[in-house]
Each structure stands twice: as structure tokens, then as C-alpha cells.
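In what follows, a single structure is set out as C-alpha cells and then discussed.
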Amino acid sequence: MSIEATATATRPAGVPVSGAVHSWDVSTGVDGPGTRFVVFTQGCPLRCLYCHNPETWKMRDGRRVDSTEMIAQAAQYVPFIAASGGGATVSGGEPLLQPAFTGALLRGFQDLGLHTALDTSGYLGDRADKDLLAATDLVLLDIKSWDRALYKRLTSVELHPTLVFARRLAELSIPVHLRFVLVPGLTDEAANVDGVARFAASLGNVERVDVLPFHKLAAGKYRTLGIPFPLADTPTPTGPQVAQTCARFAAAGLAVF
């Protein structure tokens, strides 16, 4: 285990913390509300069958940067971001694979006056200490399946840590936007959707659910990397399938998008 993986996120925002990033971008409507400065960290312990960023799996393939460099980049866009009601998001990869770096970014973005979001699978939620979460205004949380065996098949890891993290966020009253990827023949079973919906509704802090239709836009990346795309033969969901899934979440009293 790396030093970064075991470090806490307690250093002040002004102290540079080194991390591995894949890239950064400014986007609208995808990584949280409004226009956002988004840092994509490098490295992820999951191997999701439908991952659209397989190039971010290995931390060693990233570019080493200091947190202050990323914060300085974000500072250039503050007027533009503020005008849109946006903020800054730390995504991945899996940001909690690098908790000290992620915490430094979130605190630095807050010091710029930006709304902050953490985009995570929740699998490494126990690495998010109280200081990191205190600098997090919103969590974009992926719950990929309610069925435990299916979750393991989809991701290669266990579901339980994500559920523990979700309950912790609820106890801290940190808002959550829950994300659910709809994959025909895998995640679309009514019982599976209803399980995620009931759990989300029980938390009390889930502001919205985003039902994300499975797509194959990353197929070219897999070819370039020489990695088989596991779901190459899986169909994308139809409009009615997406609508039916959204309706199941709505029936649990959740706002769905």
C-alpha cells in the first residue's frame, strides 16, 4: 500500500500535496451542478465491466502534480464558474485512492469560494476522514447494483463498503447525487433497481438520482489499450427501458434525472 493511500487528509490547503492525475477539464452538467472545474485523478481499485475510462486504472500511468498547481488552474476560471452556479469536482479514477491529495484539492477549491463535489464509488469511503468530508459540499455516489453477487461481477469488489460510506454521509447530512448505470441484461432487473431505490430513499440525503444509460463510447479506448471490452455485445438500453427504470426510482419518492 502506498504512503498516499494510508495518509490522512489533514494538511492545510496551502501545503502542496503530490498526487497522480489523468487530466483536468471544465465541463457543464456532467460532474455536478453548473459549470465545473474537474480534476480526474489516476488510479482505481475497481474494474467495472462498463468502465469508460480504462486508461485511468493504474496510478503509475498518471502525471504527478502538486495540489497547488491544480488549485491555481481552477482559480483562473472562478468568475466563469461562479456565474453559472457551478464549482469544482474531484473525480477519477477513484479519488479516495489518494485521500491526502483529494482532501487538499477540496479544501483549496473551497478556499477559492467554489462549491465542491467528490465523485466516488464509495468503495474506499473509510479513507475519507472528517476533514476531507468537511471540505465536501456534495458527493456524486455510484451504486452500481443492489444484488451483491452482481455488484462483485460488475466491479470486482464488494458492495458493503459503499453502503457503509453512504450511511456515513447521511449521518453527516452531506448531500448526495446517486448514480445508477442501466445495463440491459445486468442491472435492469426490477428487484435490483428497487433495492437501490429503497436504500437511497432511506438515507434522507439523496437529492437526486441520475439514471445513466450504458453506452459503448469507450470501445475505441479498449482497442487502443489492447484490452477486451467485456460488454461489447451488450445492447444499449432503449428509451422505454430508461423510462421504466426512472419510474421505479420515482416510485420510491426520489427525484430522478
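For the chain, the mean projected area of the C-alpha convex hull, equal to one quarter of the hull surface, is 12.9 nm².
The C-alpha radius of gyration of region 181-257, expressed as a fraction of 2.2 N^0.38 Å, stands at 1.27. Taking amide H positions as modeled 1.01 Å from N, with prolines and chain starts lacking one, the residues under 5 Å from residue 17 and 5 or more places away or on another chain are 67, 68. With K and R counted +1 and D and E -1, the other residues having a Cβ less than 12 Å from that of residue 182 yield a net charge of 0. The packing ranking, built from the mean of other Cβ atoms within 10 Å per residue, places the peptides 67-75, 26-34 in the order 67-75, 26-34, highest first. Highest average first, the peptides 163-172, 77-86, 38-47 ordered by how many other beta carbon atoms sit within 10 Å of their residues are 38-47, 163-172, 77-86.
Surface composition of the chain: carbon and sulfur make up 56 percent of the accessible area, probe 1.4 Å. Its alpha carbons give region 77-201 an Rg and a Dmax of 15.4, 46 Å. Taking amide H positions as modeled 1.01 Å from N, with prolines and chain starts lacking one, the residues under 5 Å from residue 140 and 5 or more places away or on another chain are 118, 119, 120, 177. Within the shell of other residues whose beta carbon sits under 13 angstrom from the beta carbon of residue 211, the net charge comes to +1, with Lys and Arg scored +1 and Asp and Glu -1. Ranked by the mean number of other Cβ atoms within 10 Å per residue, highest first, peptides 136-148, 220-232, 179-191 order as 136-148, 179-191, 220-232. For region 41-132, the solvent-accessible area works out to 36 Å² per residue, with a probe of 1.4 Å and every protein chain left in place.
The values are calculated or read from the model by the stated rules, or taken from the named source; none is laboratory data. Everything quoted here is computed from the prediction, not taken from an experiment. Cβ coordinates were reconstructed from backbone atoms using ideal geometry, including for glycine residues, and neighbour counts include every protein chain displayed. SASA here: full protein model, heavy atoms, side chains in, ligands and nucleic acids out. Shrake-Rupley method; radii C 1.70, N 1.55, O 1.52, S 1.80 Å.
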